[in-house]
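No value in this document is a laboratory result; all are computed from the given coordinates. These numbers were taken from a predicted model, which means no experiment stands behind them. Cβ placement follows ideal geometry from the backbone for every residue including glycine, while neighbour counts extend to all protein chains displayed.
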Amino acid sequence: MKALIIGTGLGAMTTAMRLASRGYHVEMVEKYHQPGGRLNQLKKDGFTFDLGPTFFSMTYEFDEFIKDVGLKQMPFTFRELDVLYTVNFRGEDKRYMIYRDLDRLAKEFEEVEPNFREKMEKFLAGAARFFHDTEYLVLKRNYDSLFDYLLTLLRVPIRHSPKLLRSVWSEMERHFESREVKEIFSLVAFFLGATPFDTPAIYTILSYTELVHDGYHNVVGGMYKIVEGLKKELDKAGVVMHFNTEIVDYRYEGKKLTAMVDQNGKTWEADLFVVNADAAWFRHKIFKRKKFSEPKMDKLKWTLAPFTMYLGLDTKLKDTPLHNYFLGDNFKEYSGKIFKNAIKLDQPYYYVNVVSKSDPESAPEGCESLFILCPVPDMRNKPDWSDRDQVAQNIINDVSDRIGVDLRKHIISQTVMTPVEWGEAFNLYKGSGLGLGHDLDQIGGFRPKNYDEVYGNVFYVGASTLPGTGLPMAVISSKLVVERITKKYGSLHS
């Protein structure tokens, strides 16, 4: 039985491996010129950059995947981070180092948050209870209907229900007093492409996964080693990938899809199809479903868009660690206005990853590779990016002032990607970086299903379907969709 997978993101690659290990003949088509989706790589002027994600948690999902597909070892090497990240506030000299070690972490905040350790332990204990009560019950399972999902929620212990009604920010306010602590530990909401004021408090579980449960990791040699490692295993399994191939149409008979059609008019036939393009976008753009019309898509809550910069410097940044957040002094105002494009991007909030601190081979001798991510409004709210150079310059000026190194004198390679380029490269709806947001009415059974409503042989994997956004979620998503497929078609070991 042949499966055609549209896209080659992490969800697609792990789905392909799982299906191939169960005896399916798998073929993959990809719009971009190389695999990985948003987990991609840019090489330019002797520098190497990870295009999107730079660190992650829940590595055990990869362990489960490796076991499931019968590999003897992981085809890439994780590296645990000791200092998770640093946080810099505009106008303040103090730089907060976020350690996984609670004793060292408590020392960082002793001046601003009395009894920090005690408060943090209480906060993390609550997040831990919620995580372990819902991980297998809610997160790692398929739903056949909205009713099925709501029934599942009724099985969640009642003590967690207030978390469904509070935001990440209000949860922080219940535990901590200082502005610094509340702002720093609510940054997890930005990892989901949202802000702490519009993200449900249930996502404080991310603080538990980063500080206690699994910590943060990156990959030796850069995050793209995940893609390269999986690609080698897929090659061995006989899975063929076709690049520069964009699906624009389809063929069907009754309730069954028979083929996808690419931009050159070529038909790609298969018995079943797995879509790793954004699950809402694909229903909107390719299947042209009424439920996913443009007005309805625009009303959905989408994650913030990425404005990314990839800089090659001819100097070393001795005092700038690997992962850094640069925040302003107007957190609530900025968070409230960034989605709607109601704030000027002259003093933006952004993240800086000094790639070459972790992987020296990503930059020539004596040089540094720098990745900068600034979450910005998607193209519903800011369609015009003709000011891209000015926004880039604002960020470069701000970083320079705050780290005490004039980057303008040292940049020898510069690439900028706005939501326009991100949207075009990876078919992201209006440039939204992480797909659909994680509001309560867009998670679990409310998310676009991982099986198609019309065609019985079409399935979905990735950020905008179950269970949500992030690298470990993509791996879980592949597990859930393969469960659906094998439930319907069985395992085909020959």
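Key figures
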| quantity | calculated |
| --- | --- |
| Every residue from the stretch 81-100 that is in contact (Cβ under 8 Å) with a residue 24 or more places away in the chain and farther than 22 Å from Ile395 by Cα | Leu81, Val83, Leu84, Ile98, Arg100 |
| Count of residues meeting criterion [buried (at least 24 other Cβ atoms within 10 Å of the Cβ), of a type in the set (A, V, I, L, M, F, W, C) and under 24 Å from Thr258 (Cα atoms)] in the stretch 4-38 | 9 |
| Failed criterion for Gln73 (all others in (1) over 24 Å from Asp319 (Cα atoms); (2) touching a residue at least 60 places away in the same chain (Cβ under 8 Å); (3) surrounded by fewer than 20 Cβ atoms within 10 Å (Cβ to Cβ) hold) | (2) |
| Search result, residues across the stretch 39-70 that are buried (at least 16 other Cβ atoms within 10 Å of the Cβ) and in a loop (DSSP other than H, G, I, E, B) | Leu39, Asn40, Leu51, Gly52, Pro53, Thr54, Phe55, Ser57, Met58, Thr59, Val69 |
| Of all residues making up the stretch 453-494, the number that are in contact with an Asp or Glu (Cβ under 8 Å, 6 or more places away or on another chain) and under 13 Å from Leu139 (Cα atoms) | 4 |
| Which numbered condition Ala3 misses (of (1) assigned to a loop (DSSP other than H, G, I, E, B); (2) in contact (Cβ under 8 Å) with a residue 24 or more places away in the chain; (3) over 30 Å from Arg402 (Cα atoms); (4) not aromatic (Phe, Trp, Tyr)) | (1) |
| Residue within the stretch 268-280 that is over 21 Å from Arg38 (Cβ atoms), touching a Ser or Thr at 6+ places or on another chain (Cβ under 9 Å) and not aromatic (Phe, Trp, Tyr) present | yes |
| Residues of the stretch 306-324 that turn out to be of a type in the set (A, V, I, L, M) and assigned to a loop (DSSP other than H, G, I, E, B), as a count | 2 |
| Residue ranges of strands (runs of 3 or more DSSP E) in the stretch 72-162 with at least 3 members under 23 Å from Thr204 (Cβ atoms) and of a type outside the set (D, E, K, R) | 83-89, 95-99 |
| Condition broken by Asn244, with the remaining ones in (1) within 20 Å of the chain's Cα centre (by Cα); (2) over 30 Å from Ser161 (Cβ atoms) satisfied | (1) |
| So Val220, is it in contact (Cβ under 8 Å) with a residue 40 or more places away in the chain, under 20 Å from the mean Cα position of the chain (by Cα) and within 23 Å of Pro75 (Cβ to Cβ) | yes |
